[in-house]
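For reference, the structure discussed in these notes is given below.
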């Protein structure tokens with residue numbers, strides 16, 4: 001089946017927002033074994049929407065349209081589509097009641113324009129939105145299926161797999177190609193090197209396609225196989241995984257939906273271990289990542305963002321002489337911070353970061369990007385020194401990820417470094 | 001001038017790579033005062049490229065096309081365009097010599113297919129590539145300007161501003177439409193309510209277009225005016241701003257590139273004030289936001305992520321009886337945390353958060369989303385109670401933004417509320 005994607009919104013054509021919906025929908029469609037022959041974006045404008053729909057209808061078997069279904073005046077997708085095909089709009093009372101109930105439940109004030117979200121073109125069927133108030137709809141225009149859903153990326157990630165794909169599957173009917181994929185997640189390896197490391201693997205021979213997705217500071221490598229024969233597809237994917245793992249093993253921290261904070265959380269919780277974190281250059285980001293995990297209060301005892309020297313001494317017991325002699329950004333201070341936070345919190349593990357995130361504060365001896373990360377369990381202490389490039393935010397991000405990964409390796413291997 | 005953007009590559013239609021070129025080009029075009037009426041992406045496929053070009057040529061004054069100009073077999077853009085318009089290809093000997101020199105300089109082996117990059121459609125002019133071997137070209141098809149450049153994002157970021165925009169400027173020549181915009185940034189007002197509050201303003205009469213951009217937990221309202229007369233444009237935009245401000249004032253925290261953390265940072269630094277933060281439910285996110293601001297060490301003394309009750313008592317001096325009597329999630333605990341962190345850090349201000357981010361931990365009396373935020377300067381203490389919906393991450397985000405905004409209002413108005 002041949003899919004056209006149309007995303008609608010002035011935020012797209014102004015370049016203010018990057019369109020992440022199109023690639024998500026394309027990926028999802030490809031996973032089903034369908035091809036995407038065109039992706040289009042237009043602004044919240046009647047005329048441009050109609051022209052784009054004409055193009056998609058002319059050349060595709062089905063269309064996925066996102067955006068412009070909200071309650072505000074610039075949300076005109078439904079009206080534009082109805083106009084394009086000469087369809088009247090009707091108020092769907094059942095949907096209206098559902099939306100009103102949702103507003104009441106979340107204590108959002110009902111405004112007259114909110115009712116707009118229950119208006120649909122005649123002949124369409126609604127598509128339920130499990131995570132928002134704007135429902136979608138599907139139209140069959142002389143055999144071409146047009147699905148229209150809201151454009152909020154968080155909602156697209158639910159409503160497309162749950163509401164749109166099943167509708168399109170019915171349409172695609174017989175084709176039935178088995179598709180499956182696995183993702184390897186890496187930290188600390190540049191994309192070009194990943195590419196080089198995998199260059200001798202005959203993915204094509206295995207019928208496996210490879211995608212590199214840099215997600216700073218990580219790189220995700222996705223292996224996908226599409227084959228009419230499920231057994232052969234699975235065998236080939238497993239073989240491709242094995243060959244990739246052999247070549248990248250040192251840098252793989254997880255697979256598929258794994259995150260570093262989730263992995264650390266699982267290990268600590270399952271072993272009944274506790275953790276305290278002392279952050280200087282990462283400024284609270286490690287604590288923020290860990291506390292994104294539901295249930296993190298089971299192992300995460302406290303975090304200290306010791307930005308001033310006084311706070312390093314007061315809260316973590318780092319001797320003022322250590323800071324004076326070696327500097328706040330030094331191995332000695334990092335180690336003392338990790339030991340200090342562990343001791344005061346009486347946890348099993350302590351981790352600490354200190355560094356220069358920039359853009360100011362660098363010196364010849366300690367340039368911007370100098371970071372020390374320490375992990376201790378009270379008996380054994382690891383401290384690693386990094387020299388990052390990148391900007392302030394990126395230095396915070398990569399330092400936080402490394403801190404979590406050093407801890408993770410320490411937990412699973414008994415030691416942090418190779 | 002009306003621009004169409006066409007990006008070409010199987011990596012786009014497979015969803016493997018997100019298209020960052022389109023939004024970059026759109027942004028650049030908008031800065032010039034031009035409108036983007038359509039953005040399209042197609043795979044490396046003759047037929048799809050031709051159809052997309054037809055669409056762009058029909059509805060746009062100029063097109064920017066990227067991708068498919070490299071030396072490999074799947075780079076077919078030049079051939080596809082020549083075919084579409086019945087143009088012969090010719091070898092540009094000057095470009096060929098330049099490319100050969102570049103290969104030699106970078107010691108890249110010359111292969112026969114590399115010469116492909118010096119083939120151009122007859123009637124086109126070349127566009128120099130300052131950062132790669134694939135040059136672009138420009139064609140004038142009955143008054144529509146088609147510029148074609150390579151698709152490597154790094155190259156697009158050089159060749160579009162340096163090579164493409166000057167060509168389009170020449171074309172735009174006379175029209176000279178003045179475009180300018182302002183953004184109002186709001187916290188604590190649902191999109192539908194913003195829309196309603198502005199519903200009596202005659203933006204259309206002022207020639208001002210309005211865009212709502214929800215950036216959870218904020219909403220950004222962008223007012224844009226396009227007018228041949230700069231004086232009239234500016235006056236109309238100012239009038240639209242004034243009317244919007246009157247209607248939204250309570251909820252506006254900033255404008256254009258303002259962020260809450262940047263505003264707090266500027267006020268604190270300019271007044272020589274210092275801050276300490278005690279976080280429970282926000283888990284370090286407030287500290288993370290504040291330390292994203294370069295120079296935040298001037299006012300941000302420390303942060304404490306007091307996740308356990310023990311840490312609230314140890315690090316912040318919250319009496320165990322307060323926690324026992326009122327609960328860790330209570331006004332009393334929030335106030336004690338803010339006072340405690342301010343006192344131990346000896347800062348001018350202390351802020352604190354405590355709440356239930358979920359998804360577990362809620363009770364009938366204190367459901368998930370219950371959050372207390374306290375701000376104190378030692379004499380006056382404000383504590384606000386919130387009942388948020390949303391998921392764990394969103395509760396962290398909205399609580400952190402409110403904490404910063406309560407502090408900001410306290411700083412500029414002498415009181416936090418209204």
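So the values come out like this:
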quantity: Simple spin-label estimate for residue B:20 and residue A:249 in nanometres, 7 Å along Cα-Cβ; calculated: 3.3
quantity: Other copies of residue B:97: label-to-label distances in nm, shortest first, labels 7 Å along the beta-carbon direction; calculated: 8.1
quantity: Sites residue B:241 and residue B:97 - FRET efficiency at Förster radius 56 Å, r taken between beta-carbons, to 0.05; calculated: 0.50
quantity: Potential extension, residue B:343-residue B:79 segment - 0.36 nm per residue separation minus Cα distance; calculated: 87.8 nm
quantity: For the stretch B:191-266: span of alpha carbons on each principal axis (Å, largest first); calculated: 38, 28, 19
quantity: Shielding score for A:108-114, defined as the mean number of other chain Cβ atoms within 10 Å; calculated: 4
quantity: Efficiency of FRET from Cβ geometry, residue B:379 and residue A:384, R₀ 45 Å, rounded to 0.05; calculated: 0.50
quantity: Pairwise centroid distance, computed over Cα atoms, of the stretch B:206-254 with the stretch B:97-139, Å; calculated: 46
quantity: Rounded to 10°, Cα long-axis angle of helix B:21-31 versus longest principal axis of chain B; calculated: 80
quantity: In degrees, nearest ten, helix A:93-105 long axis to first principal axis of chain A (Cα); calculated: 20
quantity: Radius ratio Rg over Rh of the stretch A:77-125, counting only Cα atoms, Kirkwood formula for Rh; calculated: 1.05
quantity: Mean separation of Cα contacts under 8 Å (6+ apart) over length of chain B, as relative contact order %; calculated: 10
quantity: The stretch A:1-93, relative contact order [Cα under 8 Å, separation at least 6], %; calculated: 36
quantity: Angle between chain A longest axis and helix A:260-271 axis [Cα atoms, degrees, rounded to 10]; calculated: 60
quantity: Computed label-point distance, nm, for sites residue A:232 and residue B:157 using a 7 Å Cα→Cβ extension; calculated: 4.3
quantity: Radius of gyration and Dmax over the Cα atoms of the protein assembly as shown, both given in Å; calculated: 28.6, 87
quantity: Least to most buried among A:383, B:281 (fewest other Cβ within 10 Å first); calculated: A:383, B:281
quantity: Average beta carbon contacts from partner chains per residue of A:20-29, 10 Å cutoff; calculated: 4
quantity: Antiparallel bridge percentage (DSSP; both residues within chain A; nearest 5); calculated: 60
quantity: Partner chain coverage, peptide B:204-212 - average Cβ within 10 angstrom; calculated: 3
quantity: Computed over the stretch A:338-418, Cα set: Rg, Dmax in Å; calculated: 13.4, 38
quantity: Helix-only mean residue ellipticity at 222 nm for the protein assembly as shown, each DSSP H run of n ≥ 4 adding -39500 (n - 2.57), per residue, nearest 500; calculated: -12000 deg cm²/dmol
quantity: Pairwise Cα inverse-distance average, inverted: Kirkwood Rh of the stretch A:102-143 (Å); calculated: 11.9
quantity: D_trans [Stokes-Einstein, Kirkwood Rh over alpha-carbon pairs] for the stretch B:126-280, 20 °C, 1.002 mPa s, µm² s⁻¹; calculated: 111
quantity: Other-copy label distances relative to residue B:115, 7 angstrom Cα-Cβ extension, nm; calculated: 7.2
quantity: Normalised contact order of the stretch B:86-134, rounded percent, pairs of Cα under 8 Å and 6 or more residues apart; calculated: 51
quantity: Overall Cα dimensions of chain B - principal axes, largest extent first, Å; calculated: 86, 55, 43
quantity: Within the stretch B:257-288, backbone nitrogen closer than 19 Å to the virtual label 7 Å beyond the Cα of residue B:27 toward Cβ; calculated: B:257-260
quantity: For peptides B:97-110, B:137-150, sequence by mean Cβ density within 10 Å, most packed first; calculated: B:137-150, B:97-110
quantity: Nitroxide proxy distance, nm - points 7 Å out along Cα→Cβ at residue B:364 and residue A:122; calculated: 5.1
quantity: Cα principal axis extents for the stretch B:46-166, largest first, Å; calculated: 44, 28, 22
quantity: Cβ-based exposure ranking for A:193, B:312, B:116, in which fewest neighbours within 10 Å come first; calculated: A:193, B:116, B:312
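The numbers here are math on the coordinates, done by the rules we state, and not lab data. This is a predicted model, so every value here is computed, not measured. Heads up, the Cβs are rebuilt from the backbone with ideal geometry, glycines too, and the neighbour counts pull from every protein chain shown.
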